[in-house]
Structures are given as structure tokens and as C-alpha cells.
Amino acid sequence: MGTIDAESNTDEVKLDHRPYDFLYKEGVAAYLENNWEECMKLFEEAVQDWHWWENNLIRCRKICSKESNETELLSSKMTDDDRYYERVVRNTLCVIRCKKDVFGSRVDRVVERNVIDDFHIGKPYDYLQLCYYKLGKVKEAADAATTVLAVQPDNEVMLSNLQFYTTELKIQPEDVVNLELKEYGKEYVLATHTYDKADYKATITHMEKSLALYYEAYEDCRFLCENPFNQGWFPDFISSIANHFTFTLRCKRRCTWELSNLYGEIDDDFFSSYFNYLQYSYHQQGDMKKACEAVASYLVMSPEDEVQNRNKQYYMAQQSATEDMFVPREDVVSFKEREDYEEKLLDFIETNFAFLEIDEDEGEIKTSTESGSTNTSAVGEGLDITTLKLASDVDKAEL
């Protein structure tokens, strides 16, 4: 199963592809009728169109954000607020035009919330795994089950099915893949395999490529968070902006968490792990400058990490490294600063708006004293939450 490149001819794709929600519902109907060939075809097309839709949505938002930031404004004699809102207006106009060009008549199509949720939790692959099995496509069925487990690791039915495929039907576990694994994840897995084989040159190549792709996936995830938001009430202008901003911020704060999930296991130190692999691989290749840079980059994320602090002392004592060689990568510093700032900002919101509650019947804000509620902040919460749907209740696991 492949995805459609967002850079491909959008008019051609738009004409060839029916909407993913329509295909999905037709696929469910075929599934219930035991029409396995049609079931497979419809769900595969639904997944392709889902990716095409998301990829082009990201593309429009990314292009327009860049364009609005680089466009000359109407006047240089403006306040910071004036400049910000003019850029917002320009960004909005650009996004509207881009989406209209790409999606055509589908631009205003309203997709049911439950269908979107089903795609976020891998439901199409839940259906596909049985369709594949019924058609004798056992390897594909195992892949589909694995894909479901990547976002639903406690799904007992899929766990049982996967065990059946790998034990009774002799599918090799190492051959099974997550069909939704992004490119950074594929390169990361390759890097860990070459690392285990002590091929440090290849490890560096794959890990550096994965890291670059990770940054792209991180930005893409954040752009996908800029979704519509039904606030459920009618706030003032500034309140409306703050509420929608907080809604997107909550979503963006989940991106590193989501990206650390490759096969259903969450590693809180996933991003840092790049620099653990890199520091050792560069050291084995004799590149002390790069090894020290990787150690310093790791310590930006986890300053108290005992292993990397010991590595630093070892390099300085045994490998003639000097303190000025431990300079972290600028992109890591920027990444950490953004993460820390947004965490502090969200904590500020949660703390200072904790006394507020939205009365959904009256459309009013009440204090917790008035309502008798002890709910946390109402800011950024609405009646129609459209944030990224992530796997829940997943225990932290080491790589």
C-alpha cells in the first residue's frame, strides 16, 4: 500500500480519488457483505486518499505560513500587533486559495467526527487485516494487524491475530512492518539494525537522515494541529484567539509524544536517543568533534543524564577532548527552547484559568465557586475537539 505524494499533480489526484470518508463507509459495507476483494480495494483507496488529504493540508499551511512571513507588509509604521494581524490575514487568504486549488469542491466537505477518529486509531487497517486474510494475503494481514497495534497496543484481538499469523502461519516477526511508519521511523529502524551489527558508518548515515526527517515530521504534526475549533460559546475577540491558540497548543505539545511511537511503545527519550547512537558511532569512526557535539546535544535535552556526563568526562580524560568541543547543535537548542517555552505557557494557562468553566447550556464562563466544579482550565476546550488522536494509556518503554 502506498501513499500519494503531496507534491504530485493535485488536479489529477483530485479527479481520480473519491473522498476517504465515502470510501471508508463503502469499505465497511463491503466488509459486512463478505466481499473481500472490494473491501480490500476500498479501504486501500480510503487510506491513500486520507494521506493525500493530510499531505496537501500540511503543504498548504506550510507554504502559506512561509509566504505570509516573507511578504512585504502594507506599512513599516505599525505596532507589533498590527504586523501580526496583517500576516494572519495574508496567511488566511493564502490558505483559502491553496485549499480551493487543491481540494476543489471538497474544500467545504464536512467529514463526520467518528470517521476521522477511526482513521486516527487505525480502524481501516483493522478491517483490512481480515480482508487480506480472507484473500490469502497473510503477510499483508500481519502488517495490517501490526499497524493497528502501533496505535492500539492493548488491542487484544489484534494481538491474538498477530500471534496467529506469526506462529500458526509462519510469518517471520522481523518481516512484519507498520504500514503507517513514517520515513524518519524507517530510517531510525535501519540505523538501529546497522548499529547492532557494528556498522557505524551506516549507522551515522541512517541516523542523520532520520533526524532530518524527524524535524520535518515534527513540523508537519504541528501544522496538522491548526484545525477548526468549535468553541461552544461566543467569546470576545481576544478570548476567541486565546482559546483557539490554546486548543492548537495542547495538540502541538503531543507531537513529540506521538513521534516517539514507532511500533506501539512510547519512549520519552526518543529524540535524545539520536545523539546517544550518534556520539558512540562518531567516536567509533574517529570523529571526536562530532562525538562531542552529539554528547553536548544530548545534555541539552537531559543535563543530568549520568551516562552522557560520564561520556563527556571520558572523552576529556582519555580522548584529549576539550571543553570547547562540547558545543550542542543549534537546531537541538532551538528545539529544546521551544518545547520548554510551550510547556511553561501551557502550565501558565492551566494554572491561571483553572478557576474558569464554560457553561455549555448558557454559553457563559463561570468560576469554579459558582458552578461547584473543580475542573481544570476551560481555555482551549470546546464542544468539538478536533485534535490529533493518539494512542492512550501506553506505558513508557525503553528502546
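Read-outs throughout are calculated quantities, based only on the coordinates presented, and are distinct from any laboratory measurement. Given the structure is predicted, the values throughout are model-derived calculations rather than measurements. Neighbour counts run over all protein chains shown; Cβ positions are idealised from the backbone, glycine included.
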Treating only Lys and Arg (+1) and Asp and Glu (-1) as charged, each at its beta carbon, one finds that region 121-175 has a dipole about its Cα centre, in Debye to the nearest 20, of 220
Region 294-327 and region 186-208 have their Cα centres apart by a whole-number Å value of 22
Expected unfolding gain across VAL327-ILE238 under the 0.36 nm per residue rule, minus the alpha-carbon gap, is 27.9 nm
Two pseudo-spin positions, 7 Å from Cα along C-beta at LYS170 and at THR92, lie apart in nanometres by 6.3
Once both label points are put 7 Å beyond Cα along the C-beta direction, the ASP340-ASP268 separation in nm becomes 1.8
Taking a ≥ b ≥ c as the square roots of the eigenvalues of the Cα gyration tensor, with a/c under 1.5 meaning rounded and otherwise prolate when a/b exceeds b/c and oblate if not, region 10-119 is prolate
Highest mean packing first, using Cβ neighbours within 10 angstrom, the peptides 37-44, 97-104 sort as 37-44, 97-104
Sorted on mean Cβ neighbours within 10 Å (highest first), peptides 299-308, 72-81, 197-206 come out as 197-206, 299-308, 72-81
Ordering 120-126, 274-280 by per-residue average of other C-beta atoms within 10 angstrom, highest first, gives 274-280, 120-126
For region 121-175, the convex hull over Cα atoms projects on average to an area in nm² of 3.2
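Using a Förster distance of 30 Å, how high is the FRET efficiency between VAL107 and LYS25, based on the Cβ-Cβ distance and rounded to 0.05?
0.90
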Calc'd 3J(HN,Hα), region 328-335, phi into Karplus 6.51 cos²θ - 1.76 cosθ + 1.60 (θ = phi - 60°), Hz, glycine/Pro = x, comes to x, 5, 4, 5, 5, 4, 5, 4
With 0.36 nm assigned to each residue of separation and the Cα-Cα distance removed, LYS41 to GLU216 gains 60.0 nm
Quick shape check on region 111-223: root eigenvalues a ≥ b ≥ c of the Cα gyration tensor, a/c under 1.5 is rounded, otherwise prolate if a/b tops b/c, else oblate, and it reads oblate
